[in-house]
Amino acid sequence: MGSNVVATLKEGFAVAPGITAIDLAVITRMPDTQRLRFVAYGRWARQAIESVPWRQPEDALRFLDIGQDIACAVGVTASGNLASTIKPLDTSRLPGLQSLLDHAQDDAASVDATLAGLDSDLLANAPATRDAPVPDHYRIHTFAEWRPQTPSAAQPPAMGQPVLAAARALMPWQNLTLPDEAWEGLTVAFSFAGADADLTLFLTDTQSRVCSDEDFVFYNQLSAAQAAARLLGKQNDGTQSVERAAIHLAALPEHVQRMTIAINMDVDTGLTCGSLTHAELSMACATTSWTFQPPADPAIRAMVVAELYRHRSAEGRPVWKLRAVGQGWADGLDGLARAHGVDVG
């Protein structure tokens, strides 16, 4: 689905050079009910789409990171893996989408039905006999199933395509002002080896305390602020694990003045942050990226790796700033959560 979304967006921007953003929705037939339902929607800016090279198969997942107000039926499980089933999205809070679905003419025999081609495509692969098993056209395929067996040769950037500068490495307590592009899409990735750890987010006030437990994003609550901050799941990347998150700063409500980006060790293992190796937090927007290597402290089980916070520039303009931290708690996730105002019972 990701590659189809990206291809559609690129074609749309190519044929309409004057537009700067596209609202796109994906509709398909649910395998259990055979009814047409939406499985993804969002808005994507031209600059965001054109800033990504789109060379490797795994790049297709980035459509979730660089859009605005995205909802996607392919989520992650509590363990951080991609879900194996697709469920229809709730369109009740988007009257325009629901109206489109209500008036869709789902009739393959009608010459006026814009969705008739979908029926034809689905029926083309129907089993020849009644007893033959019905193929599951909607099963989610892992990248390992369709990744090319030989790596593709690196291609030079296309003419006019923006080239990202090398990531800027941050030191503990170093801070910087984020560029305007970061307001519309900021991706977070924590890569590590040696032991298991989880990425967590706290959406807080100026005192670094949540207004309610709903502003705590972790493996049992994958998003907050209507998905303006959300976890994207954990995956293996060679010898390392990577957990990613997406943040839409411009969509955060005003009561969210700060955001804490933290990690905590798996409580079942009893291990500390000292067990982590090659740990690195990377953050990126459409034009710039930053990295920070937190300390491997054997005395702590949870750590604030970085903070995002609202600020006023010298000209009085509202900005978001990033600060690398690397400060931890010996009592793990419970202590980290309590310090940010979460009721842990």
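Round to a whole number: what % of the accessible area of segment 1-73 belongs to carbon and sulfur, probe 1.4 Å? Don't skip to the answer; put the middle values down first.
Details: 1710 of 3490 Å².
Carbon with sulfur: 49 percent of the solvent-accessible area.
What are the ³J(HN,Hα) couplings of segment 44-53, residue after residue, when phi is run through the Karplus curve with 6.51, -1.76, 1.60 and θ = phi - 60°? Round to Hz, x for glycine and proline.
Karplus-based 3J(HN,Hα) across segment 44-53 equals 10, 8, 4, 4, 5, 5, 6, 7, 9, x Hz.
Let me see the pair-distance distribution of segment 177-284: every alpha carbon pair, 10 Å bin width, integer percents in order.
14, 44, 32, 10, 0
Kindly sort 315, 243, 50 by accessible area of their heavy atoms, largest first, with the probe set to 1.4 Å.
Descending order: 315, 50, 243.
Taking the Cα centre of each part, how many Å lie between segment 170-227 and segment 257-312?
Computed from Cα coordinates, the inter-centre distance equals 9 Å.
Taking θ = phi - 60°, what integer Hz values does the Karplus form 6.51 cos²θ - 1.76 cosθ + 1.60 yield along segment 251-265, in sequence order, with x for Gly and Pro?
8, 6, x, 5, 5, 8, 9, 9, 9, 9, 9, 10, 10, 9, 6
Taking the full set of protein chains and a 1.4 angstrom probe, give the accessible area of residue 186 in square angstrom, rounded to the nearest 10.
The accessible area comes out at roughly 0 Å².
Students often check this: by mean Cβ neighbours within 10 Å, which of 13-19, 244-250 ranks highest, and how do the rest follow?
Details: 13-19: 10.1, 244-250: 21.3.
The peptides rank, most packed first, as 244-250, 13-19.
Which of the peptides 231-241, 286-296 is most tightly packed, and how do the rest follow, going by the mean number of other Cβ atoms within 10 Å of each residue? Could the numbers behind the result be given before it?
Numbers: 231-241: 16.3, 286-296: 18.8.
Top to bottom by mean Cβ count within 10 Å: 286-296, 231-241.
Of 265, 1, which has the most accessible area and how do the rest follow, probe 1.4 Å? Write down the numbers at each step before the final one.
Details: 265 5, 1 80 Å².
Ranked from most to least accessible, the order is 1, 265.
Heavy atoms only, 1.4 Å probe, whole protein assembly: order 41, 219 by accessible area, highest first. Working shown, then result.
Details: 41 20, 219 75 Å².
Listed by decreasing accessible area, they come as 219, 41.
Using the Cα gyration tensor of segment 293-345, with a ≥ b ≥ c the square roots of its eigenvalues, what is the shape: rounded (a/c below 1.5), prolate (a/b larger than b/c) or oblate (neither)? Mind dumping the intermediate values first?
Working: a/c = 5.42, a/b = 1.78, b/c = 3.04.
Here segment 293-345 falls in the oblate category.
For residue 171, tell me the accessible area in Å² from a 1.4 Å probe, rounded to the nearest 10.
Roughly 130 Å² of residue 171 is accessible to a 1.4 Å probe.
Compute, for residue 90, the solvent-accessible surface of its heavy atoms (probe 1.4 Å) with the complete set of protein chains present, and express it in square angstrom to the nearest 10.
Accessible surface of residue 90 is approximately 100 Å².
Points 7 angstrom from Cα along the Cβ direction at residue 166 and residue 34: gap in nanometres?
A separation of 6.0 nm, rounded to one decimal place.
What full-extension length gain, to one decimal in nm, is calculated for residue 16 and residue 314 as 0.36 nm per residue of separation minus the Cα-Cα distance? Write down the numbers at each step before the final one.
Working: separation 298, 0.36 × 298 = 107.28 nm, distance 3.85 nm.
That pair, residue 16 and residue 314, stretches by 103.4 nm at full extension.
The values are calculated or read from the model by the stated rules, or taken from the named source; none is laboratory data. Because the structure is predicted, anything quoted here is derived from the model rather than measured. Glycine gets a Cβ as well: all are built from the backbone with ideal geometry, and neighbour counts include every protein chain shown. Side chains are part of the model used for accessible areas, which takes the heavy atoms of the whole protein and leaves out ligands, DNA and RNA. Shrake-Rupley method; radii C 1.70, N 1.55, O 1.52, S 1.80 Å.
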